[in-house]
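These notes concern the structure reproduced below.
The values are calculated or read from the model by the stated rules, or taken from the named source; none is laboratory data. This structure is a prediction, so every number in the text was calculated from the model and none was measured. Side chains included, ligands, DNA and RNA excluded: accessible areas come from the protein's heavy atoms. Shrake-Rupley method; radii C 1.70, N 1.55, O 1.52, S 1.80 Å.
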Amino acid sequence: TGTEMIVWGGVVSTQYLSPAQADDPAYYLPSTGGRYDPVSDTWRPVSTVGAPLGRCGHHALWTGREMIIWAGGGLKGTVDGGRYDPVTDTWTTLRITGHAPLYEPASVVWTGDALLSWGGFDLWGGTSGPRLSKQVRIPGGETLVCATA
């Protein structure tokens, strides 16, 4: 953000969980995050209300105003994303139209109005080869319109 670092998602090693927790994705793929202020050397939580499902291997992109969470691995069938506004500490769910498989790992970049993704593997499509590029536009901000390039 220019003053803070925002992190979200990831995976918790199951060695630190009870057997029951290790079988529950809510424990090892938490839908949580934090904001770090390097000047005061303090952390504070990111709101979890409306946050995307937990995952690892995802991408967090900074648009200049918001953090976009996209792709990654989680529960089979998890195809969603989110936009986090640090000013209001709120999430907006990204609705997805078009074909939007979860690509991991891929290279992504924010162009100012679109997320461009290159490479990666379709985690749930049963294919093993890398994917070609795709462009994900965010018109009006709440819908991802996916198209392969």
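You can think of it this way: the chain between TYR36 and THR90 has 17.8 nm of extra reach, that is 0.36 nm per residue less the Cα-Cα gap.
Length available on full extension from ASP23 to THR1: 0.36 nm per residue minus the Cα-Cα distance, which gives 4.4 nm.
The solvent-accessible area of SER40, taken with every protein chain present and a 1.4 Å probe, is close to 60 Å². Maximal additional length on extending the VAL49-THR63 stretch stands at 3.0 nm, based on 0.36 nm per residue less the C-alpha distance.
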